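Reviewing the structure listed below.
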Amino acid sequence: MTMPFYVSPEQVMQDKAEYARKGIGRGKSSVTLEYDTGVLLMAENPSSLSKIGEIYDRIAFAGVGKFSEFDQLRKLGVRYADTRGYAYSRDDVRAKALANAYSQAMGEVFTREMKPLEVEVIVAEVGDDTLAGHESNAIYRVQFDGSISDHEGFCVIGGAAEELGSLLRAEYRAGLPLRDALRLGHRALQRAADREPNVTPENLEVCLLERNRVGRKFRRLSTDTLLELLGT
Amino acid sequence: MPISFGGRYQGSSFTELLASDNTRLLPDWSQLCASGVDAERVPHGTTVLAFKFSEGVIVAGDRLATEGHRVASRDIEKVLPTDDYSLVAIAGAAGPALEMARLMRIELEHYEKIEGEPLELDGKANRLSQMIRANLPAAMQGMVVVPLFAGYDRRRRQGRLWKFDVTGGRYEETDYEATGSGGLYARESMKKVHDPVASRDAGLRCAVQALSDASDEDRATGGVDLERGIYPMVYFCTAAGIARAPDPEIDRIYREILGTRRRPASNGGVRR
(Lines give C-alpha, C1' and ligand atoms only; values in the text may rest on other atoms or scores of the structure.)
Protein backbone atom coordinates (compact mmCIF):
# COMPACT_ATOMS: atom_id res chain seq x y z
CA MET A 1 0.00 0.00 0.00
CA THR A 2 1.35 3.39 -0.94
CA MET A 3 1.18 6.18 1.61
CA PRO A 4 0.38 9.64 0.32
CA PHE A 5 3.10 12.13 1.07
CA TYR A 6 2.33 14.45 3.93
CA VAL A 7 2.48 18.10 2.92
CA SER A 8 1.80 20.68 5.59
CA PRO A 9 -1.05 23.14 4.96
CA GLU A 10 1.44 26.02 5.24
CA GLN A 11 3.44 24.52 2.43
CA VAL A 12 0.37 24.03 0.24
CA MET A 13 -0.74 27.64 0.72
CA GLN A 14 2.75 28.95 0.13
CA ASP A 15 3.08 26.98 -3.09
CA LYS A 16 -0.27 28.17 -4.33
CA ALA A 17 0.52 31.80 -3.48
CA GLU A 18 3.86 31.57 -5.22
CA TYR A 19 2.20 30.07 -8.28
CA ALA A 20 -0.40 32.85 -8.36
CA ARG A 21 2.18 35.61 -7.87
CA LYS A 22 4.28 34.23 -10.70
CA GLY A 23 1.27 34.20 -13.03
CA ILE A 24 0.30 37.76 -12.10
CA GLY A 25 3.91 38.94 -12.37
CA ARG A 26 4.09 37.86 -16.00
CA GLY A 27 1.32 40.30 -16.98
CA LYS A 28 1.31 44.06 -17.15
CA SER A 29 0.25 46.41 -14.36
CA SER A 30 -2.80 48.60 -14.00
CA VAL A 31 -3.11 51.93 -12.17
CA THR A 32 -6.17 53.61 -10.65
CA LEU A 33 -5.96 57.25 -9.55
CA GLU A 34 -8.39 59.75 -8.10
CA TYR A 35 -8.36 63.12 -9.84
CA ASP A 36 -10.22 66.33 -9.04
CA THR A 37 -13.51 65.40 -10.72
CA GLY A 38 -13.43 61.62 -10.89
CA VAL A 39 -11.49 58.38 -10.91
CA LEU A 40 -9.06 57.35 -13.64
CA LEU A 41 -8.32 53.72 -14.53
CA MET A 42 -5.34 52.96 -16.77
CA ALA A 43 -3.63 49.85 -18.06
CA GLU A 44 -0.97 49.08 -20.58
CA ASN A 45 -2.88 47.04 -23.11
CA PRO A 46 -1.87 46.72 -26.74
CA SER A 47 -4.68 44.23 -27.50
CA SER A 48 -8.34 44.96 -28.16
CA LEU A 49 -9.44 42.78 -25.24
CA SER A 50 -10.41 45.06 -22.39
CA LYS A 51 -8.86 44.94 -18.94
CA ILE A 52 -11.07 47.73 -17.66
CA GLY A 53 -14.84 47.66 -17.73
CA GLU A 54 -18.03 49.33 -16.60
CA ILE A 55 -19.86 47.60 -13.78
CA TYR A 56 -22.60 50.06 -12.87
CA ASP A 57 -23.51 53.75 -12.81
CA ARG A 58 -20.62 54.76 -10.54
CA ILE A 59 -18.53 51.59 -10.44
CA ALA A 60 -15.71 50.38 -12.68
CA PHE A 61 -13.53 47.27 -12.74
CA ALA A 62 -9.88 46.71 -13.61
CA GLY A 63 -8.13 43.35 -13.71
CA VAL A 64 -4.62 42.03 -14.27
CA GLY A 65 -3.25 38.53 -14.76
CA LYS A 66 -5.01 35.82 -16.71
CA PHE A 67 -7.57 37.37 -19.07
CA SER A 68 -10.09 34.53 -19.01
CA GLU A 69 -10.19 34.59 -15.22
CA PHE A 70 -10.54 38.30 -14.58
CA ASP A 71 -13.00 38.69 -17.43
CA GLN A 72 -15.17 36.07 -15.74
CA LEU A 73 -14.94 38.15 -12.57
CA ARG A 74 -15.87 41.31 -14.47
CA LYS A 75 -18.98 39.64 -15.91
CA LEU A 76 -19.90 38.31 -12.48
CA GLY A 77 -19.67 41.87 -11.21
CA VAL A 78 -22.01 43.18 -13.93
CA ARG A 79 -24.53 40.41 -13.18
CA TYR A 80 -24.30 41.07 -9.46
CA ALA A 81 -24.72 44.84 -9.85
CA ASP A 82 -27.59 44.73 -12.35
CA THR A 83 -29.49 42.17 -10.27
CA ARG A 84 -29.02 44.19 -7.10
CA GLY A 85 -29.98 47.44 -8.80
CA TYR A 86 -33.12 45.81 -10.17
CA ALA A 87 -34.10 44.30 -6.84
CA TYR A 88 -33.43 47.45 -4.80
CA SER A 89 -32.51 50.80 -6.37
CA ARG A 90 -29.69 52.07 -8.53
CA ASP A 91 -28.20 53.94 -5.57
CA ASP A 92 -28.02 50.75 -3.52
CA VAL A 93 -25.34 49.23 -5.74
CA ARG A 94 -22.07 49.93 -3.95
CA ALA A 95 -18.45 49.05 -4.63
CA LYS A 96 -17.82 47.86 -1.09
CA ALA A 97 -20.41 45.10 -1.28
CA LEU A 98 -19.12 44.00 -4.67
CA ALA A 99 -15.50 43.99 -3.50
CA ASN A 100 -16.57 41.83 -0.57
CA ALA A 101 -18.36 39.42 -2.89
CA TYR A 102 -15.18 39.18 -5.00
CA SER A 103 -13.13 38.59 -1.88
CA GLN A 104 -15.41 35.71 -0.83
CA ALA A 105 -15.43 34.09 -4.26
CA MET A 106 -11.69 34.44 -4.84
CA GLY A 107 -10.83 33.25 -1.32
CA GLU A 108 -13.07 30.23 -1.87
CA VAL A 109 -11.23 29.28 -5.04
CA PHE A 110 -7.86 29.79 -3.33
CA THR A 111 -8.63 27.38 -0.49
CA ARG A 112 -10.65 24.76 -2.37
CA GLU A 113 -9.17 24.44 -5.81
CA MET A 114 -5.84 22.98 -6.83
CA LYS A 115 -5.04 25.96 -9.00
CA PRO A 116 -5.49 29.43 -7.51
CA LEU A 117 -6.69 32.37 -9.60
CA GLU A 118 -3.83 34.24 -11.23
CA VAL A 119 -5.54 37.61 -11.02
CA GLU A 120 -5.85 40.79 -9.03
CA VAL A 121 -8.73 43.19 -9.41
CA ILE A 122 -9.69 46.74 -8.55
CA VAL A 123 -13.24 47.89 -7.86
CA ALA A 124 -13.45 51.68 -8.05
CA GLU A 125 -16.42 53.89 -7.24
CA VAL A 126 -16.80 57.59 -7.88
CA GLY A 127 -18.69 59.71 -5.35
CA ASP A 128 -21.90 61.57 -6.09
CA ASP A 129 -22.32 65.03 -4.57
CA THR A 130 -26.10 64.87 -4.86
CA LEU A 131 -26.40 61.76 -2.66
CA ALA A 132 -25.91 62.29 1.06
CA GLY A 133 -23.39 59.79 2.42
CA HIS A 134 -22.12 58.85 -1.07
CA GLU A 135 -19.87 61.86 -1.69
CA SER A 136 -16.42 60.26 -1.47
CA ASN A 137 -14.67 57.97 -3.91
CA ALA A 138 -13.73 54.39 -3.00
CA ILE A 139 -11.03 52.11 -4.37
CA TYR A 140 -10.79 48.45 -3.36
CA ARG A 141 -8.12 45.96 -4.32
CA VAL A 142 -8.82 42.23 -4.14
CA GLN A 143 -5.93 39.78 -4.47
CA PHE A 144 -5.74 36.19 -5.73
CA ASP A 145 -6.30 34.74 -2.24
CA GLY A 146 -9.31 36.94 -1.54
CA SER A 147 -7.46 39.42 0.66
CA ILE A 148 -9.07 42.81 0.30
CA SER A 149 -7.81 46.32 1.03
CA ASP A 150 -9.13 49.81 0.50
CA HIS A 151 -7.05 52.64 -0.89
CA GLU A 152 -7.17 56.38 -0.88
CA GLY A 153 -5.84 58.42 -3.79
CA PHE A 154 -4.34 55.66 -5.90
CA CYS A 155 -3.89 51.92 -6.21
CA VAL A 156 -1.70 49.70 -8.38
CA ILE A 157 -2.22 46.04 -9.25
CA GLY A 158 -0.02 43.66 -11.20
CA GLY A 159 3.55 42.40 -11.12
CA ALA A 160 5.21 45.75 -10.46
CA ALA A 161 2.64 46.89 -7.89
CA GLU A 162 5.13 47.43 -5.04
CA GLU A 163 7.56 49.49 -7.07
CA LEU A 164 4.89 51.62 -8.73
CA GLY A 165 3.21 52.09 -5.37
CA SER A 166 6.33 53.76 -4.01
CA LEU A 167 6.66 55.94 -7.12
CA LEU A 168 3.05 57.10 -6.75
CA ARG A 169 3.40 57.61 -2.99
CA ALA A 170 6.19 60.06 -3.75
CA GLU A 171 4.50 61.90 -6.62
CA TYR A 172 0.75 61.69 -6.09
CA ARG A 173 -1.07 64.76 -4.78
CA ALA A 174 -4.76 64.87 -3.91
CA GLY A 175 -6.94 66.92 -6.26
CA LEU A 176 -4.82 66.49 -9.40
CA PRO A 177 -6.47 67.70 -12.60
CA LEU A 178 -7.21 64.95 -15.14
CA ARG A 179 -4.31 65.89 -17.42
CA ASP A 180 -1.75 65.61 -14.60
CA ALA A 181 -3.28 62.39 -13.30
CA LEU A 182 -3.06 60.91 -16.80
CA ARG A 183 0.60 61.91 -17.13
CA LEU A 184 1.43 60.48 -13.72
CA GLY A 185 -0.32 57.22 -14.54
CA HIS A 186 1.45 57.06 -17.89
CA ARG A 187 4.81 57.63 -16.21
CA ALA A 188 4.10 54.88 -13.69
CA LEU A 189 3.17 52.38 -16.39
CA GLN A 190 6.28 53.40 -18.31
CA ARG A 191 8.36 52.65 -15.23
CA ALA A 192 6.72 49.22 -14.95
CA ALA A 193 7.72 48.51 -18.54
CA ASP A 194 11.31 49.59 -17.89
CA ARG A 195 13.86 48.41 -20.43
CA GLU A 196 11.05 47.60 -22.83
CA PRO A 197 9.86 49.77 -25.73
CA ASN A 198 8.03 52.93 -24.75
CA VAL A 199 4.43 52.69 -23.61
CA THR A 200 2.79 54.74 -26.33
CA PRO A 201 -0.69 56.25 -25.87
CA GLU A 202 -1.92 53.83 -28.56
CA ASN A 203 -1.06 51.00 -26.19
CA LEU A 204 -2.90 52.47 -23.23
CA GLU A 205 -6.39 51.55 -22.17
CA VAL A 206 -7.89 54.45 -20.24
CA CYS A 207 -11.32 54.77 -18.68
CA LEU A 208 -12.87 57.39 -16.45
CA LEU A 209 -15.60 57.58 -13.84
CA GLU A 210 -16.67 61.19 -14.18
CA ARG A 211 -18.28 62.67 -11.10
CA ASN A 212 -20.20 65.36 -12.98
CA ARG A 213 -21.66 63.11 -15.67
CA VAL A 214 -25.39 62.34 -15.38
CA GLY A 215 -26.46 58.69 -15.01
CA ARG A 216 -23.79 56.22 -16.11
CA LYS A 217 -20.51 57.89 -15.22
CA PHE A 218 -18.19 55.48 -17.01
CA ARG A 219 -16.42 56.68 -20.14
CA ARG A 220 -13.77 54.99 -22.27
CA LEU A 221 -11.24 57.41 -23.77
CA SER A 222 -10.39 57.03 -27.44
CA THR A 223 -6.74 57.22 -28.52
CA ASP A 224 -7.41 60.61 -30.09
CA THR A 225 -8.80 62.10 -26.90
CA LEU A 226 -5.94 60.57 -24.99
CA LEU A 227 -3.30 62.04 -27.32
CA GLU A 228 -4.97 65.40 -27.00
CA LEU A 229 -5.02 65.21 -23.20
CA LEU A 230 -1.45 63.98 -22.93
CA GLY A 231 -0.38 66.72 -25.30
CA THR A 232 1.98 64.57 -27.33
CA MET B 1 -12.70 26.49 -13.03
CA PRO B 2 -15.95 27.84 -11.67
CA ILE B 3 -15.79 31.28 -10.09
CA SER B 4 -19.23 32.28 -8.98
CA PHE B 5 -21.35 34.28 -6.58
CA GLY B 6 -23.78 31.36 -6.47
CA GLY B 7 -25.33 31.78 -9.91
CA ARG B 8 -25.08 29.47 -12.92
CA TYR B 9 -26.01 31.74 -15.82
CA GLN B 10 -23.20 32.54 -18.26
CA GLY B 11 -24.88 34.51 -21.06
CA SER B 12 -25.43 38.18 -21.77
CA SER B 13 -29.18 38.63 -21.26
CA PHE B 14 -30.48 40.15 -18.04
CA THR B 15 -33.97 38.64 -18.26
CA GLU B 16 -32.48 35.20 -18.83
CA LEU B 17 -30.16 35.80 -15.88
CA LEU B 18 -33.20 36.48 -13.69
CA ALA B 19 -35.05 33.45 -15.08
CA SER B 20 -32.06 31.22 -14.37
CA ASP B 21 -30.67 32.52 -11.09
CA ASN B 22 -33.22 34.86 -9.50
CA THR B 23 -36.58 33.45 -10.57
CA ARG B 24 -38.48 35.27 -7.85
CA LEU B 25 -37.37 38.66 -9.14
CA LEU B 26 -38.72 38.00 -12.62
CA PRO B 27 -42.16 39.60 -12.93
CA ASP B 28 -45.00 37.21 -13.74
CA TRP B 29 -48.53 38.56 -13.97
CA SER B 30 -50.09 35.42 -15.40
CA GLN B 31 -51.55 34.38 -12.03
CA LEU B 32 -53.08 37.79 -11.22
CA CYS B 33 -56.38 37.32 -13.00
CA ALA B 34 -56.74 33.74 -11.86
CA SER B 35 -56.53 35.09 -8.32
CA GLY B 36 -59.46 37.42 -8.92
CA VAL B 37 -57.86 40.70 -10.01
CA ASP B 38 -60.05 42.48 -12.54
CA ALA B 39 -57.79 43.41 -15.46
CA GLU B 40 -60.09 46.37 -16.22
CA ARG B 41 -59.45 47.78 -12.77
CA VAL B 42 -55.69 48.12 -13.00
CA PRO B 43 -54.38 51.41 -14.40
CA HIS B 44 -54.14 51.56 -18.18
CA GLY B 45 -52.05 53.87 -20.29
CA THR B 46 -53.85 55.35 -23.26
CA THR B 47 -52.35 57.00 -26.33
CA VAL B 48 -48.77 56.89 -27.59
CA LEU B 49 -47.41 57.54 -31.06
CA ALA B 50 -44.21 57.60 -33.08
CA PHE B 51 -43.30 58.90 -36.51
CA LYS B 52 -40.31 59.73 -38.64
CA PHE B 53 -39.12 63.28 -39.27
CA SER B 54 -36.16 64.80 -41.07
CA GLU B 55 -33.57 64.04 -38.35
CA GLY B 56 -34.87 60.72 -36.99
CA VAL B 57 -38.00 59.80 -35.06
CA ILE B 58 -40.37 61.61 -32.74
CA VAL B 59 -42.05 59.60 -29.98
CA ALA B 60 -44.85 61.10 -27.92
CA GLY B 61 -47.51 60.14 -25.41
CA ASP B 62 -50.20 61.73 -23.27
CA ARG B 63 -49.93 61.62 -19.48
CA LEU B 64 -53.20 60.04 -18.36
CA ALA B 65 -53.71 56.60 -16.85
CA THR B 66 -57.22 55.27 -16.26
CA GLU B 67 -58.79 52.59 -14.08
CA GLY B 68 -61.99 51.69 -15.85
CA HIS B 69 -63.78 55.04 -16.02
CA ARG B 70 -61.67 56.67 -13.31
CA VAL B 71 -58.48 58.67 -13.55
CA ALA B 72 -55.62 56.66 -12.04
CA SER B 73 -52.91 59.23 -12.67
CA ARG B 74 -52.73 62.50 -14.57
CA ASP B 75 -49.01 62.62 -15.07
CA ILE B 76 -47.55 59.16 -15.67
CA GLU B 77 -44.66 58.88 -18.09
CA LYS B 78 -45.37 56.47 -20.92
CA VAL B 79 -42.45 57.28 -23.19
CA LEU B 80 -39.24 55.93 -21.75
CA PRO B 81 -35.73 56.09 -23.19
CA THR B 82 -34.24 52.59 -23.15
CA ASP B 83 -30.73 53.80 -23.98
CA ASP B 84 -29.11 56.79 -25.72
CA TYR B 85 -30.68 55.98 -29.10
CA SER B 86 -33.95 54.15 -28.49
CA LEU B 87 -37.26 54.55 -26.68
CA VAL B 88 -40.32 52.52 -25.81
CA ALA B 89 -43.77 54.06 -25.62
CA ILE B 90 -46.17 51.97 -23.61
CA ALA B 91 -49.91 51.43 -23.82
CA GLY B 92 -52.07 48.89 -22.05
CA ALA B 93 -51.84 47.69 -18.45
CA ALA B 94 -49.53 50.32 -16.95
CA GLY B 95 -47.89 48.25 -14.21
CA PRO B 96 -46.65 45.42 -16.42
CA ALA B 97 -45.85 47.83 -19.26
CA LEU B 98 -43.70 50.10 -17.10
CA GLU B 99 -41.92 47.11 -15.61
CA MET B 100 -41.28 45.75 -19.09
CA ALA B 101 -39.83 49.10 -20.16
CA ARG B 102 -37.59 49.13 -17.08
CA LEU B 103 -36.44 45.58 -17.75
CA MET B 104 -35.81 46.46 -21.39
CA ARG B 105 -33.59 49.34 -20.35
CA ILE B 106 -31.56 47.13 -18.02
CA GLU B 107 -31.47 44.40 -20.66
CA LEU B 108 -29.84 46.74 -23.21
CA GLU B 109 -27.38 48.17 -20.69
CA HIS B 110 -26.52 44.70 -19.39
CA TYR B 111 -25.80 43.39 -22.87
CA GLU B 112 -23.63 46.40 -23.65
CA LYS B 113 -21.59 45.95 -20.46
CA ILE B 114 -21.15 42.19 -20.78
CA GLU B 115 -20.36 42.17 -24.51
CA GLY B 116 -18.52 45.49 -24.67
CA GLU B 117 -20.72 46.90 -27.42
CA PRO B 118 -24.39 47.80 -27.80
CA LEU B 119 -26.97 45.77 -29.73
CA GLU B 120 -27.99 46.92 -33.19
CA LEU B 121 -31.42 48.60 -33.34
CA ASP B 122 -32.89 45.47 -34.98
CA GLY B 123 -31.53 43.39 -32.13
CA LYS B 124 -33.14 45.68 -29.59
CA ALA B 125 -36.54 45.47 -31.31
CA ASN B 126 -36.23 41.70 -31.49
CA ARG B 127 -35.44 41.50 -27.78
CA LEU B 128 -38.53 43.54 -26.93
CA SER B 129 -40.74 41.27 -29.02
CA GLN B 130 -39.39 38.27 -27.08
CA MET B 131 -40.27 40.01 -23.83
CA ILE B 132 -43.81 40.69 -25.03
CA ARG B 133 -44.14 37.05 -26.09
CA ALA B 134 -43.02 35.97 -22.64
CA ASN B 135 -45.89 38.05 -21.25
CA LEU B 136 -48.44 36.17 -23.38
CA PRO B 137 -49.92 34.11 -20.49
CA ALA B 138 -50.70 37.36 -18.68
CA ALA B 139 -51.94 39.06 -21.85
CA MET B 140 -54.44 36.22 -22.38
CA GLN B 141 -55.99 37.25 -19.06
CA GLY B 142 -56.25 40.92 -19.92
CA MET B 143 -52.82 42.21 -18.88
CA VAL B 144 -52.10 43.30 -22.40
CA VAL B 145 -48.90 45.21 -23.12
CA VAL B 146 -48.54 46.63 -26.62
CA PRO B 147 -45.70 49.12 -26.83
CA LEU B 148 -44.16 51.04 -29.68
CA PHE B 149 -40.42 50.89 -30.08
CA ALA B 150 -38.47 53.56 -31.94
CA GLY B 151 -34.90 54.63 -32.26
CA TYR B 152 -32.15 56.04 -34.37
CA ASP B 153 -30.28 53.39 -36.34
CA ARG B 154 -26.69 54.61 -36.37
CA ARG B 155 -25.63 52.08 -38.97
CA ARG B 156 -28.35 52.98 -41.48
CA ARG B 157 -28.39 56.60 -40.34
CA GLN B 158 -32.13 56.89 -40.06
CA GLY B 159 -34.95 56.79 -37.58
CA ARG B 160 -36.99 53.57 -37.41
CA LEU B 161 -40.09 52.45 -35.56
CA TRP B 162 -41.93 49.24 -34.75
CA LYS B 163 -45.31 48.24 -33.42
CA PHE B 164 -46.06 44.95 -31.67
CA ASP B 165 -49.03 42.75 -31.04
CA VAL B 166 -49.78 40.69 -27.91
CA THR B 167 -48.13 37.59 -29.35
CA GLY B 168 -44.85 39.45 -29.73
CA GLY B 169 -45.43 40.00 -33.45
CA ARG B 170 -43.11 42.75 -34.59
CA TYR B 171 -43.98 45.04 -37.50
CA GLU B 172 -41.72 47.76 -38.75
CA GLU B 173 -43.62 50.85 -39.85
CA THR B 174 -42.41 53.06 -42.67
CA ASP B 175 -43.94 56.38 -41.57
CA TYR B 176 -45.99 56.63 -38.40
CA GLU B 177 -47.89 54.55 -35.87
CA ALA B 178 -50.00 55.08 -32.76
CA THR B 179 -51.40 52.66 -30.23
CA GLY B 180 -53.59 52.65 -27.13
CA SER B 181 -57.25 53.62 -26.71
CA GLY B 182 -56.86 56.87 -28.67
CA GLY B 183 -54.40 55.38 -31.16
CA LEU B 184 -56.89 55.23 -33.99
CA TYR B 185 -57.67 58.96 -33.76
CA ALA B 186 -54.02 59.91 -33.41
CA ARG B 187 -53.24 57.86 -36.50
CA GLU B 188 -56.04 59.54 -38.48
CA SER B 189 -54.69 62.91 -37.42
CA MET B 190 -51.10 62.07 -38.40
CA LYS B 191 -52.23 60.63 -41.72
CA LYS B 192 -53.30 64.12 -42.85
CA VAL B 193 -50.19 66.04 -41.85
CA HIS B 194 -47.32 63.59 -41.55
CA ASP B 195 -44.23 64.56 -43.50
CA PRO B 196 -41.14 62.34 -43.23
CA VAL B 197 -38.85 65.29 -43.93
CA ALA B 198 -40.56 67.69 -41.53
CA SER B 199 -38.47 70.04 -39.40
CA ARG B 200 -38.32 69.71 -35.62
CA ASP B 201 -40.94 72.38 -35.18
CA ALA B 202 -43.33 70.90 -37.74
CA GLY B 203 -42.79 67.47 -36.21
CA LEU B 204 -43.59 68.76 -32.75
CA ARG B 205 -46.76 70.35 -34.10
CA CYS B 206 -47.77 67.06 -35.76
CA ALA B 207 -47.29 65.21 -32.43
CA VAL B 208 -49.18 67.73 -30.28
CA GLN B 209 -52.00 67.94 -32.79
CA ALA B 210 -52.36 64.15 -33.01
CA LEU B 211 -52.51 63.83 -29.21
CA SER B 212 -55.03 66.70 -28.95
CA ASP B 213 -57.18 65.08 -31.62
CA ALA B 214 -56.99 61.76 -29.82
CA SER B 215 -57.99 63.35 -26.51
CA ASP B 216 -60.85 65.11 -28.26
CA GLU B 217 -62.38 61.84 -29.45
CA ASP B 218 -61.20 59.40 -26.78
CA ARG B 219 -62.22 60.29 -23.23
CA ALA B 220 -59.37 58.22 -21.75
CA THR B 221 -56.64 60.21 -23.49
CA GLY B 222 -55.22 63.17 -21.62
CA GLY B 223 -54.06 65.65 -24.25
CA VAL B 224 -52.78 68.98 -22.97
CA ASP B 225 -53.94 69.92 -19.47
CA LEU B 226 -53.57 73.71 -19.42
CA GLU B 227 -55.34 74.00 -16.07
CA ARG B 228 -52.77 71.91 -14.24
CA GLY B 229 -49.87 72.63 -16.55
CA ILE B 230 -49.43 68.97 -17.53
CA TYR B 231 -48.10 68.53 -21.05
CA PRO B 232 -47.66 65.43 -23.22
CA MET B 233 -44.16 64.01 -23.46
CA VAL B 234 -42.51 64.47 -26.82
CA TYR B 235 -39.04 63.07 -27.51
CA PHE B 236 -36.76 63.64 -30.48
CA CYS B 237 -34.42 60.75 -31.21
CA THR B 238 -31.66 61.63 -33.65
CA ALA B 239 -27.99 61.00 -34.42
CA ALA B 240 -27.22 63.33 -31.51
CA GLY B 241 -29.17 61.17 -29.04
CA ILE B 242 -32.46 61.76 -27.28
CA ALA B 243 -33.90 65.15 -26.33
CA ARG B 244 -37.24 65.98 -24.76
CA ALA B 245 -39.30 68.90 -26.06
CA PRO B 246 -39.62 71.53 -23.32
CA ASP B 247 -43.13 72.17 -21.94
CA PRO B 248 -43.19 75.88 -22.95
CA GLU B 249 -42.65 74.83 -26.58
CA ILE B 250 -45.56 72.40 -26.40
CA ASP B 251 -47.65 75.07 -24.70
CA ARG B 252 -46.92 77.55 -27.49
CA ILE B 253 -47.80 75.08 -30.23
CA TYR B 254 -50.92 73.89 -28.46
CA ARG B 255 -52.19 77.45 -28.08
CA GLU B 256 -51.58 78.06 -31.78
CA ILE B 257 -53.62 74.97 -32.63
CA LEU B 258 -56.38 76.12 -30.28
CA GLY B 259 -56.32 79.53 -31.92
CA THR B 260 -57.15 78.06 -35.30
CA ARG B 261 -60.01 75.97 -33.90
CA ARG B 262 -61.64 78.18 -31.30
CA ARG B 263 -65.03 79.70 -32.13
CA PRO B 264 -66.55 82.71 -30.42
CA ALA B 265 -69.24 81.91 -27.85
CA SER B 266 -72.65 82.19 -29.45
CA ASN B 267 -75.47 84.18 -27.93
CA GLY B 268 -76.95 82.43 -24.91
CA GLY B 269 -75.17 79.26 -25.90
CA VAL B 270 -77.68 78.66 -28.68
CA ARG B 271 -76.05 77.85 -31.98
CA ARG B 272 -77.92 78.86 -35.09
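Need one value for A:77-86: mean number of C-beta atoms belonging to other chains within 10 Å of its residues' C-beta atoms.
Average per residue, whole number: 6.
Given a 1.4 angstrom probe, what's the average accessible area per residue across the protein assembly as shown, in square angstrom?
48
Can you give the alpha-carbon Rg of the protein assembly as shown over 2.2 N^0.38 Å, where N counts its residues?
1.18
Report the accessible surface area buried between chains A and B, summing both sides, using a 1.4 Å probe on protein heavy atoms only, in Å² rounded to the nearest 100.
The A and B chains share an interface burying roughly 2300 Å².
Can you grab the distance from the C-alpha centre of the range A:10-35 to the C-alpha centre of the range B:103-160, Å, no decimals?
Measuring centre to centre over Cα atoms gives 42 Å.
Could you tell me how far the Cα centroid of the range B:193-272 sits from the Cα centroid of the range B:3-80, in Å?
Centre-to-centre distance over Cα atoms comes out at 26 Å.
Starting from the Cα of B:Ile230, step 7 Å along the direction of its Cβ; do the same at B:Leu25; then give the gap between the two resulting points in nm.
Between B:Ile230 and B:Leu25, the label points sit 3.2 nm apart.
Restricted to Cα positions, what overall size does the range A:1-68 have along the principal axes? Three whole-Å values, descending.
66, 24, 19
How large is the accessible surface of A:Arg179 in square angstrom, using a 1.4 angstrom probe and rounding to the nearest 10?
Probe radius 1.4 Å; accessible area of A:Arg179 about 100 Å².
Per residue of A:214-222, what is the mean number of Cβ atoms on other protein chains within 10 angstrom of that residue's Cβ?
For this peptide, the per-residue mean of nearby foreign Cβ atoms is 1.
Which percent of the accessible heavy-atom area of the range A:100-232 goes to carbon and sulfur, probe 1.4 angstrom?
Carbon and sulfur: 45 percent of the exposed surface of the range A:100-232.
Under the definition of partner shielding as Cβ atoms of other protein chains within 10 Å of a residue Cβ, what is the mean value for peptide B:16-22?
2
Give me the net charge for the shell around B:Gly169: Cβ to Cβ below 10 angstrom, other residues only, Lys and Arg +1, Asp and Glu -1.
+2
What per residue convex hull volume, in Å³, comes out for the range B:42-261 when only alpha-carbon positions are used?
110
Output the pairs from A:Lys22/A:Lys217; B:Lys52/B:Lys78; A:Lys75/A:Lys115; A:Lys96/B:Lys113; A:Lys16/B:Lys113; A:Lys96/B:Lys124 with a Cα-Cα distance over 26 Å in this structure; if there are none, say none.
Correct reply: A:Lys22/A:Lys217; A:Lys16/B:Lys113; A:Lys96/B:Lys124.
Arrange the peptides B:136-148, B:207-219, A:16-28, B:48-60 so that the one whose residues have, on average, the most other Cβ atoms within 10 Å appears first.
Top to bottom by mean Cβ count within 10 Å: B:48-60, B:207-219, B:136-148, A:16-28.
Given axes a ≥ b ≥ c from the Cα gyration tensor, I'd like to know whether the range B:187-236 is rounded (a/c under 1.5), prolate (a/b larger than b/c) or oblate.
Here the range B:187-236 falls in the oblate category.
The values are calculated or read from the model by the stated rules, or taken from the named source; none is laboratory data. What you see is a predicted model, and the numbers here were worked out from it, not measured in a lab. Note that we place each Cβ from the backbone using ideal geometry, even for glycine, and neighbour counts take in every protein chain shown. Accessible surface is based on the protein model in full, side chains and every heavy atom, while ligands, DNA and RNA are left aside. Shrake-Rupley method; radii C 1.70, N 1.55, O 1.52, S 1.80 Å.
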